[in-house]
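Right, one structure below, let's go through it.
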Amino acid sequence: MFPVISFEWVWDMSHMVFHGGLWYALSIIGMGMTYCIIKAAYDTFKGTDDHH
Amino acid sequence: MDSALIPDGVKRCPIWQFGLAIAVVGAVLLWGVFAMLLVWIKGLNQTNMNNAYGFALWIWADLGVIALGGGAFFTGLMRYVFGKDELKYIINYAVLIGFICYSSALLILAIDIGQPLRGWFIFWHANVHSMLTEVAFCLTCYFGVLCIEYLPLILENKQVDRVPFFHNLSHNMHEIMVVFAATGAFLSFFHQGSLGGVSGVLFGRPFGYREHIFIWPYTFFLFTWSAAACGPCFTILVTKLTEKIAGKKLVKDNVIELLAKIAGWMLATYVIAKLIDTWYWATVTAPSKGHVMMDFYTNNPDSVYGIWILILEVGVCGVLPALILITDKGRKTPATLWTAVILASLGVLLNRWVMVLQVLAVPVMPFEAWSTYFPSWQEIATTILPVAYGVILVLISYRYLPIFPQEAELNPIEEPAPPAETAEVTEKNGELAPEGELAPAEA
């Protein structure tokens, strides 16, 4: 699953495509949520509520 | 306490009625949980699966709910990426249905693997030559996306929304929802397709095997296509059912009609592709493996599969609903709309049945007979379990979350009539004021 850490990891096309896709999707989801949470915390701290 | 959680401007049934409904469905849920525990404690010997049927009722249910849950990714794609703004009035419910379907799929898989404690093996010891590994990856990631799409709805609950952080978080998530929706569509395309690819690559089973485009068999594309076509039909069906049960209109007709039109054209093009695929398989693929098409539909005394199942799947549950949904009159007439969405939903379930169970029923060796299979009660109970869970989640979400943005507008709550005493006083005052609106002194 992880390069280097996982003893079964092989640097071949199958591993790179499969796990590359997985980590790509997870990165987008993770970065998106991180952005939302940090911005929500910032907005709350600043007291800004320009919604609705 | 309960009324404080109900969204503003809408009316809900009394708490006892709600509790009773939860209790009735909860009893079914408990039956399923009991069967699930039996399978986990005693093992897969609780099922009627055998050497011929390594995939059985659970995998059919899995593929079925994933196809029906396709309404979430496709409606999200239409709403956020292609800008079909009217769909914002039904996207919440599509997401909820998708969330239920995908969490059910994961639950069924957790039961089906027999040893759920080793569920993480598919990630850690991934077989990178298996389509099912791709399914596991995409399914898990997409479930994460559905959680993210469902979360703002929970945060919009009247009480939760009062907390500034949650209010801001919900708003921020809505703002970048297009990113999640696009990721969800990407993931759905691959896992829906790979589920179809599983039977398409079985070169030892000519009933399921299909020719390839690069590494993908035709079934890869047909599964994605059918999920995008029939998923929205299921969303419409559940919305209509909810309206019937709630006894009120929840979504305006123009929204339903737009989604039905899109689904109709998707279904029509899918059926054409399916017919071409079937024709090519019957005339080229199957003969190249030493079979004629009717080998798979006749001379199978131990099995119920006949040519009727193909006609039912592609004709009655494919061509017919497509023709209804692409016509304006068909979409606008309630009876035909109901018929079309029911048939389309059944059609995709039947397709998954054929591609999972009929594939396994066909003998592999010339001296073998058709394999038969009937699920055990534990398999049936654990397949009904997600349905009960889904109903409970719909009940709770409908009661406490603003699932239908048009509900308050479509069902205005009438102001209670003033008490009799007040009305009398008002009347008397009116009598004292001969000039209508003028105060007595002015009169």
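Scanning the range B:110-121 for residues that are surrounded by fewer than 20 Cβ atoms within 10 Å (Cβ to Cβ) and touching a residue at least 12 places away in the same chain (Cβ under 8 Å) returns B:114, B:116.
When the criteria are applied in full, residue B:280 meets the requirement of being within 19 Å of residue B:358 (Cβ to Cβ) and surrounded by fewer than 17 Cβ atoms within 10 Å (Cβ to Cβ). The selection criterion, being at the interface with chain B (Cβ under 8 Å from one of its Cβ atoms) and modelled with pLDDT of 90 or more, holds for residue A:33. Can you name the residue in the range A:1-18 that is at the interface with chain B (Cβ under 7 Å from one of its Cβ atoms) and in a helix (DSSP H, G or I) and is also nearest to the chain's Cα centre (by Cα) among such residues? Checking each candidate, the answer is A:18. Taking the condition outside any helix (DSSP H, G or I), touching a helix residue (DSSP H, G or I) at 6+ places or on another chain (Cβ under 9 Å) and either surrounded by fewer than 19 Cβ atoms within 10 Å (Cβ to Cβ) or within 11 Å of chain A (Cβ to nearest Cβ) (or both), does residue B:128 pass? Spelling it out, residue B:128 is indeed outside any helix (DSSP H, G or I), touching a helix residue (DSSP H, G or I) at 6+ places or on another chain (Cβ under 9 Å) and either surrounded by fewer than 19 Cβ atoms within 10 Å (Cβ to Cβ) or within 11 Å of chain A (Cβ to nearest Cβ) (or both). For residue B:251, the conditions (1) under 29 Å from residue B:359 (Cβ atoms); (2) in a loop (DSSP other than H, G, I, E, B); (3) within 20 Å of the chain's Cα centre (by Cα) all hold with the exception of (1). Scanning the range B:233-248 for residues that are farther than 18 Å from residue B:346 by Cα and either aromatic (Phe, Trp, Tyr) or part of a helix (DSSP H, G or I) (or both) yields B:242, B:243, B:244, B:245, B:246. Of B:261, B:244, all but one fail to be surrounded by fewer than 21 Cβ atoms within 10 Å (Cβ to Cβ), modelled with pLDDT of 95 or more and under 27 Å from residue B:392 (Cβ atoms); the exception is B:244. Any residue in the range B:107-120 that is modelled with pLDDT under 95, at the interface with chain A (Cβ under 7 Å from one of its Cβ atoms) and closer than 30 Å to residue B:33 by Cα? Within the range B:107-120 (the criterion being modelled with pLDDT under 95, at the interface with chain A (Cβ under 7 Å from one of its Cβ atoms) and closer than 30 Å to residue B:33 by Cα), the answer is no, since none of the residues qualifies.
With a requirement of 3 or more residues that are buried (at least 20 other Cβ atoms within 10 Å of the Cβ) and in contact with a Gly (Cβ under 7 Å, 6 or more places away or on another chain), the helices (runs of 4 or more DSSP H) lying completely within the range B:313-385 that satisfy it span B:320-325, B:334-353. Taking the numbered list (1) in a helix (DSSP H, G or I); (2) closer than 22 Å to residue B:55 by Cα; (3) more than 21 Å from the chain's Cα centre (by Cα) in turn, residue B:106 passes all entries but (3). Checking the range A:3-15 against the condition returns a match, with at least one residue being crowded, with 17+ Cβ neighbours inside 10 Å and without any contact (Cβ under 8 Å) to a residue 40 or more places away in the chain. In this structure, is residue B:59 in a helix (DSSP H, G or I), surrounded by fewer than 24 Cβ atoms within 10 Å (Cβ to Cβ) and in contact with an Asp or Glu (Cβ under 9 Å, 6 or more places away or on another chain)? Yes, satisfied. Filtering the range A:39-47 for residues that are surrounded by 11 or more Cβ atoms within 10 Å (Cβ to Cβ), within 19 Å of residue B:144 (Cβ to Cβ), of a type outside the set (Gly, Ala, Ser) and free of Cβ contacts under 8 Å to residues at least 12 places away in the same chain leaves an empty set. Against the conditions (1) under 18 Å from the mean Cα position of the chain (by Cα); (2) farther than 21 Å from residue B:328 by Cα; (3) touching a residue at least 24 places away in the same chain (Cβ under 8 Å), residue B:228 satisfies every one except (2).
The values are calculated or read from the model by the stated rules, or taken from the named source; none is laboratory data. Worth saying up front: this structure is predicted, and the values here are computed from it rather than measured. Note: ideal-geometry Cβ built from the backbone for every residue, glycine included; neighbour counts use all protein chains shown.
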